[in-house]
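Have a look at the structure below before the remarks.
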Amino acid sequence: MLFCFFFTPMIRFFPKAFPCILLLFLFSSMSFTLTEAYDPLDPNGNITIKWDIISWTPDGYVAVVTMNNFQQYRHISAPGWSLGWTWAKKEVIWSMVGGQTTEQGDCSKFKGTIPHCCKKNPTVVDLLPGTPYNQQIANCCKGGVLSSWAQDQPNAVASFQVSVGRGGTTNKTVKLPKNFTLKAPGPGYTCGPAKIVKPTQFIQADKRRVTQALMTWNVTCTYSQFLAQKTPTCCVSLSSFYNDTIVPCPTCACGCQGNSSQSGNCVDPDSSHLESVVSNHEPGKSNIAPLVRCTSHMCPIRVHWHVKLNYKEYWRVKVTITNFNYRMNYSDWNLVVQHPNFDNLTQLFSFNYQAITPYGSINDTAMLWGIKFYNDLLMQAGPVGNVQSELLFRKDKSTFTFDKGWAFPRRIYFNGDICVMPPPDAYPWLPNTGSRQEVSLLALMMTSLVALVFYANA
């Protein structure tokens, strides 16, 4: 109704231009959808940043900042997170524990004690493992790595302590920081404004006393794959025991060879200069463009789903994840797969498993990840750049079939990003499938009918 109300005058005065207007409207709607951060498989997933003021100082306060990654399967890998904001007044950071700012800024106006940071818009990063104990607090010093909630809850939390000066000294005079940004380590997260909430309560070690923060505010950050990476980062290939066809990743799924603006550089694995090309990058640079093996799909990661065996009561699948990126080791990787038979998963070999049920009782989504110190590190492209496992499913006679691509996944995510699937009409079909015969028979009947009509009119 709103669409008609808005465009009726335009249709009346510009009838020829209406198709262009409609196309523009549809394109803008589609663009808006792509940038939305809502994830249907993890509708409540976010990173919540909590500021707890634990004491007042003569010119400000001391606060503990805690980041909780409530995302089920999206984590932050090395080189880790960086958190930024803009001070509301002329605040400075006198000192920090468990974290540090990347720049000190101009502190020339101060005499005697020099602040840790004088910038209006500081950026904070985590300290590295092995930091001296007198510079640590609980949940700090992991190099900015933050696990996903379902994969490793104890390591899905990060904290640092900050002593703020030249700020408010009471609940009524404190001004909340603004314009929060979270990089992990690149873009992708959008943070909302800080909101004052009920003060956090702390249970003491003896569990006999409860204290609370003097003031607490929260910031919520949500993720958008489109903002993080405008081109996909993974693709899916398929095969089965009942068909010799191997369905590859779609061509140019993550970019095309020669288009460096989309896919980065690629290198032939048989090239004699492979070693020198791989090592030719700035060490320590946090946002290195992927150097992938030259393939038709140009994706750093390929997930292969192979329907392996068919038993009387069970059926078996082999999943292989291959790393085509010569510059990236994927630590603590995870895979999320949607398939209707996951409610009857019987056994899993060499991967961890947890069901994800965003729709309550419907159990059709599984999260898979590597076993610690065994295959939780997906090595960079090369002979050992893959991990694999097999899944055994029990057949549900009311739903099970190999027909029409039912045995293949509906959707696959790698490290929280959706992978490009082959088109459904390319899936391996049963050799004696009835559906294709029905289509052929229908086409033959239509052709005969058309010929008969033309013959009758001749």
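The values are calculated or read from the model by the stated rules, or taken from the named source; none is laboratory data. These numbers were taken from a predicted model, which means no experiment stands behind them. So basically every Cβ, Gly included, is an ideal-geometry build from the backbone, and we count neighbours across all protein chains shown. Calculation scope for accessible area: heavy atoms of the full protein, side chains included, ligands and nucleic acids excluded. Shrake-Rupley method; radii C 1.70, N 1.55, O 1.52, S 1.80 Å.
For this structure, a couple of remarks:
- Remark on Asn334: its backbone amide H falls under 5 Å from those of Asn415, a criterion applied only to residues 5 or more positions apart or on other chains, H modelled at 1.01 Å from N.
- Mean Cβ count within 10 Å, highest first, over the residues of peptides 335-344, 170-179: 335-344, 170-179
- Peptides 87-98, 374-385 ordered by average Cβ neighbours within 10 Å, highest first: 87-98, 374-385
- Span from the region 331-395 Cα centroid across to the region 65-116 one, whole angstrom: 36 Å
- Proximal lysines to Lys397, defined as alpha-carbon separation beneath 29 angstrom and excluding residues fewer than eight positions away on the same chain: Lys308, Lys312, Lys318
- Net charge of Cβ neighbours under 11 Å - reference Lys372; Lys, Arg +1; Asp, Glu -1: -3
- Residue-wise HN-Hα couplings along region 325-337, as the Karplus relation 6.51 cos²θ - 1.76 cosθ + 1.60 with θ = phi - 60° gives them from phi, are 9, 7, 10, 9, 9, 8, 8, 6, 5, 8, 10, 10, 10 Hz; Gly and Pro carry x.
- Net charge, Thr173 excluded, C-beta distance under 14 Å - Lys, Arg +1, Asp, Glu -1: +3
- Computed over region 134-267, the range of Cα coordinates on each principal axis works out to 69, 36, 30 Å, biggest value leading.
- Taking the convex hull of Cα positions in region 84-174, its mean projected area over all directions (nm²): 7.4 nm²
- Where labels lie 7 Å past Cα in the beta-carbon direction, separation of Ile246 and Val384 in nm: 2.4 nm
- Among residues other than Ala78 with Cβ under 11 Å from its Cβ, the summed charge is -1 (Lys and Arg +1, Asp and Glu -1).
- Calculated from backbone phi, Karplus (6.51, -1.76, 1.60) coupling profile of region 165-178 in Hz, x at Gly/Pro: x, 6, x, x, 10, 9, 4, 8, 9, 5, 9, 6, x, 10
- Counting only protein heavy atoms and a probe of 1.4 Å, the accessible surface of region 358-408 is 57% carbon and sulfur.
- Å² per residue, accessible surface of region 98-237 at 1.4 Å: 55 Å²
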